[in-house]
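Chemist: Provided herewith is a single structure, encoded as structure tokens, for subsequent inquiry.
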Amino acid sequence: MSHKPLPVAVLFSGRGGNLKAMALSAENGQLNIAIRCVVCNQPSAPGITHALSHHLLTHVIDHRQYSDRQAFESRLMEALDNAQVELIILAGFMRVLSDDFVNHFAGKMINLHPSLLPKYRGLDTYSRALAAGDRQHGSSVHLVEPELDNGPVIAQYRLPIKSGDTPESLAQRLAPHEHRLLQAVIALFADRAIQVKSRQVMFNGQPLRQALLLDHDIHWPINDQEQIE
Ligand code: GAR
């Protein structure tokens, strides 16, 4: 069944690699989404260039220009409410959001996090995985709930850790797979195969009991332009 493009917003703070991957896939018809707006809280973020080069409605909302978190979030909320999106995608958005904000968009917001949740919520996930002697690391896409990095996990990608890996080498190897993971999940939302009902993730009409694994349960091709090791 074909659906109308899913209206989405993308929030980011830095490089914008995931935003770029999504914008390209939306343009070439691989991903059935309409990026209604993009929000970045860092005026110097390199990703803003991607947003502009793909002609996306771009709001730069610098949190430092607001007196407090509530004022910043009310501007953010206004931009997102105006965009009338069905899915808000946090793709490297590095601000913690208040419970009120998260509850306002309950069931509509997903986050890409660079760890195999529930391991390593928060920052420095690569160095924490290496320090713990883990044999694999990875990335998760989860529904956003008020507690940081704690909503139900929708899908994951697992990456073997090699001897000699550093936080940088892990991050570099993981990045193209994160792009695939996030897009595979968004495609499920766009197909309405994933729906959220009363904060429960439903997959093909059934409650999702276990995170979907990329390259096993769900799939997304490797983009020609990505460097995969
Ligand atoms: C990604 O690695 C993502 O997992 C991470 O930020 C990066 C964004 O990359 N997200 C978090 O750390 C969220 N806590 P990008 O700007 O190139 O898309």
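Chemist: With the structure loaded, tell me whether residue 85 is modelled with pLDDT of 95 or more, over 21 Å from residue 212 (Cα atoms) and among the hydrophobic types (A, V, I, L, M, F, W, C) or whether it fails that test.
Modeler: The answer is yes for residue 85.
Chemist: Out of the residues in the range 1-32 that are more than 16 Å from the ligand (Cβ to nearest atom) and part of a strand (DSSP E or B), state the one that is surrounded by the most Cβ atoms within 10 Å (Cβ to Cβ).
Modeler: Per the criteria, the residue is 6.
Chemist: Given the conditions (1) more than 23 Å from residue 199 (Cα to Cα); (2) more than 10 Å from the ligand (Cβ to nearest atom); (3) open to solvent by 20 Å² or more (accessible area, probe 1.4 Å), report the number of the one that residue 126 does not fulfil.
Modeler: Residue 126 satisfies every listed condition except (2).
Chemist: Further, regarding this structure: Of the residues that sit in the range 136-187 and are surrounded by fewer than 20 Cβ atoms within 10 Å (Cβ to Cβ) and of a type in the set (Gly, Ala, Ser), which one is farthest from the ligand (Cβ to nearest atom)?
Modeler: So, considering only residues that are surrounded by fewer than 20 Cβ atoms within 10 Å (Cβ to Cβ) and of a type in the set (Gly, Ala, Ser), the one farthest from the ligand (Cβ to nearest atom) is 163.
Chemist: I've got another one for you. Would you say residue 74 is more than 16 Å from the ligand (Cβ to nearest atom), part of a helix (DSSP H, G or I) and hydroxyl-bearing (Ser, Thr, Tyr)?
Modeler: Answer is yes for this residue.
Chemist: Also, I was wondering about something else. Restricting to the range 83-123, give me the number of residues that are free of Cβ contacts under 8 Å to residues at least 24 places away in the same chain and either away from the ligand (no atom under 16 Å from the Cβ) or closer than 18 Å to residue 180 by Cα (or both).
Modeler: Selection size over the range 83-123: 0.
Chemist: Looking at 184, 175, 171 in this structure, which one is within 13 Å of the chain's Cα centre (by Cα), more than 17 Å from residue 88 (Cα to Cα) and among the small types (Gly, Ala, Ser)?
Modeler: Unique residue meeting the criteria: 175.
Chemist: Would you check if there is a residue in the range 199-213 being open to solvent by less than 40 Å² (accessible area, probe 1.4 Å), in contact with a Pro (Cβ under 7 Å, 6 or more places away or on another chain) and within 25 Å of residue 15 (Cβ to Cβ)?
Modeler: Scanning the range 199-213, I find no residue that is open to solvent by less than 40 Å² (accessible area, probe 1.4 Å), in contact with a Pro (Cβ under 7 Å, 6 or more places away or on another chain) and within 25 Å of residue 15 (Cβ to Cβ), so the answer is no.
Rundown of residues vs (1) under 18 Å from residue 114 (Cα atoms); (2) among the acidic types (Asp, Glu), yes/no style:
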site: 179; (1), (2): yes, no
site: 188; (1), (2): no, no
site: 196; (1), (2): no, no
site: 200; (1), (2): no, no
site: 204; (1), (2): no, no
site: 209; (1), (2): no, no
site: 217; (1), (2): no, yes
site: 221; (1), (2): no, no
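The values are calculated or read from the model by the stated rules, or taken from the named source; none is laboratory data. Source: prediction; values computed, not measured. Using ideal geometry, Cβ is built from the backbone for each residue, glycine included, and neighbour counts are taken over all protein chains shown. When the accessible area is computed, the model is the full protein with side chains, heavy atoms only, and any ligands, DNA or RNA have been set aside. Shrake-Rupley method; radii C 1.70, N 1.55, O 1.52, S 1.80 Å.
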